[in-house]
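Q: Input: one structure, supplied below.
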Amino acid sequence: MNRNQEIIRTSIVGIAANLFLAAFKAVAGWVAGSVAIIMDAVNNLSDAMSSVITIVGTKLSEKPADRSHPFGYGRVEYFSAIIIAVIVLSTGIISLVESVKKIFNPTSPDYTTVTLVIIIVAIIVKIVMGWYVKREGTKLKSNALVASGADATFDAVVTLSTLVSAGIMLLTGLNLDGFIGTAISLVIIKAGIGMVGAPVGELLGKSIPKEMVARIKTDVMKYPEVSGVYDIILNYYGPNAIIGSLHVSVPDTMTARSIHSLTRRITEQLYDKYNIIATVGIYAHYTSGELSALQNSILGFVGQYPHILQSHGFFYFAETHTITLDIIPDHTIHDDEAFHRQFVTAITKQFPDYNFNIVMDHLYSE
């Protein structure tokens, strides 16, 4: 069973659980003649929508790439997660409004044996369902499932808080229903904002985890021809679709055929191991002669210059006596233009016989 099939299966379990609760509450409400219980059954039907949204989003994300969307439709999953997170956020806001009303206009809850049984069953089912769906979502890296599981868990917490406040009132006479509800609502709102943030971050171009970048560098550096890995830029086009590029530094003595073989091996490894579709660019480093000595001298100067984390892409254009070089400043540099002018002035003073084309670069994935 592939990832999408597992997501759909888990969502179907969520729908089944909500339908069970809806039918159970509807029958119990009809027997007890309680409109409140029947309305709660309707609420469970709406809760099933989270799982339906997840299924629809997963199916749409399977659409193959076309001319309009050459990288596929994997990002549809992020929209599914955003919709479910908004549902959770809305639930928290509605619960907050109702809880604040109860602070100023407290009401005494009236529980019968039937309603207590229904509440306890609902809490147990929702907690189990929330745990299961969220666990599967984490395992499958599905923001939509994680949000759907959290939705179910928060439903259980809200119901449990109502039950707890009723117990406190029966034992002590204190009506804390509104206060407990307000506290729980604020927790739900905070969680809802967090759930919105995750898929929105993916859509806006969230950086790849540092651990993954480190593993990629380690793997690529194992090729004997590679002396450095730079400019790793990766973008998510769905949980299982990452597209980007990187540069590798190789000896200037390599032939085009050898470089072709190397880049093909690197791209195949990145796809097989990380599901990354990558373009590999080349930096040539000088291995002997005057240019090698010049390269080492300039890179030595750059390595000692304050606030520079890394430099790469050294190349010498003999016709114009121009040296190109990329530098990466540290996080303390906020004015790139000013630092660029300062550095160009310093390196030109140190090496007056050359023109310099310095590019300010950044660590986009670190």
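The values are calculated or read from the model by the stated rules, or taken from the named source; none is laboratory data. The structure displayed is predicted, hence computed values, not measured ones. Here the Cβ positions follow ideal geometry from the backbone for every residue, glycine too, while neighbour counts run over all protein chains shown.
Q: From the list I298, I327, pick out the single residue that is touching a Phe, Trp or Tyr at 6+ places or on another chain (Cβ under 8 Å), under 23 Å from P251 (Cβ atoms) and in a helix (DSSP H, G or I). Outline the logic, then answer.
A: Working: I327 fails: in a helix (DSSP H, G or I).
Result of the check over I298, I327: I298.
Q: Which condition does G303 not pass, out of (1) outside any helix (DSSP H, G or I); (2) closer than 17 Å to D361 by Cβ, if it passes all the others?
A: Unmet condition: (1).
Q: If you don't mind, another one. Going residue by residue through the range 202-222, is there one that turns out to be closer than 30 Å to K63 by Cβ, charged (D, E, K, R), crowded, with 17+ Cβ neighbours inside 10 Å and within 20 Å of the chain's Cα centre (by Cα)?
A: yes
Q: For the range 217-234, name all the residues that are farther than 22 Å from G205 by Cβ and of a type in the set (D, E). Write out each step before concluding.
A: Applying the first criterion (farther than 22 Å from G205 by Cβ) to the range 217-234 yields 218-228.
If the condition is that a residue be farther than 22 Å from G205 by Cβ and of a type in the set (D, E), then D219, E225 are the ones that fit.
Q: Which residue is farthest from M221 (Cα to Cα), if the candidates are limited to the range 258-282 and must be under 24 Å from the mean Cα position of the chain (by Cα) and charged (D, E, K, R)?
A: Here the answer is D272.
Q: On to the next question. Would the range 201-222 turn up any residue that is out of contact with any Lys or Arg (no Cβ under 8 Å at 6 or more places or on another chain), closer than 30 Å to I87 by Cβ and in a helix (DSSP H, G or I)? Before the answer, list the steps.
A: First, the residues of the range 201-222 that are out of contact with any Lys or Arg (no Cβ under 8 Å at 6 or more places or on another chain): 201, 204-218, 220-222.
If we keep only those that are closer than 30 Å to I87 by Cβ too, we end up with 201, 204-209.
Filter again for in a helix (DSSP H, G or I), leaving 201.
Yes, the range 201-222 has at least one match.
Q: Let me ask you something else. Of the conditions (1) within 22 Å of Y283 (Cα to Cα); (2) outside any strand (DSSP E or B); (3) modelled with pLDDT of 95 or more, A346 fails just one. Which one is it?
A: Checking A346 against (1) within 22 Å of Y283 (Cα to Cα); (2) outside any strand (DSSP E or B); (3) modelled with pLDDT of 95 or more, the one that fails is (1).
Q: When you scan the range 250-257, do you find a residue that is assigned to a strand (DSSP E or B), touching a Ser or Thr at 6+ places or on another chain (Cβ under 7 Å) and at pLDDT below 95, even just one?
A: no
Q: Quick check: is even one residue across the range 82-105 farther than 30 Å from A241 by Cα, assigned by TED's automatic domain parsing to the domain that holds V13 and in contact with a Pro (Cβ under 8 Å, 6 or more places away or on another chain)? Explain how you work it out, then say what you get.
A: As a first pass, look at the range 82-105 and keep what is farther than 30 Å from A241 by Cα: 90-105.
In the following step, the residues that additionally are assigned by TED's automatic domain parsing to the domain that holds V13 were identified as 90-105.
Applying the additional criterion that residues be in contact with a Pro (Cβ under 8 Å, 6 or more places away or on another chain) yields none.
No, because not a single residue in the range 82-105 is farther than 30 Å from A241 by Cα, assigned by TED's automatic domain parsing to the domain that holds V13 and in contact with a Pro (Cβ under 8 Å, 6 or more places away or on another chain).
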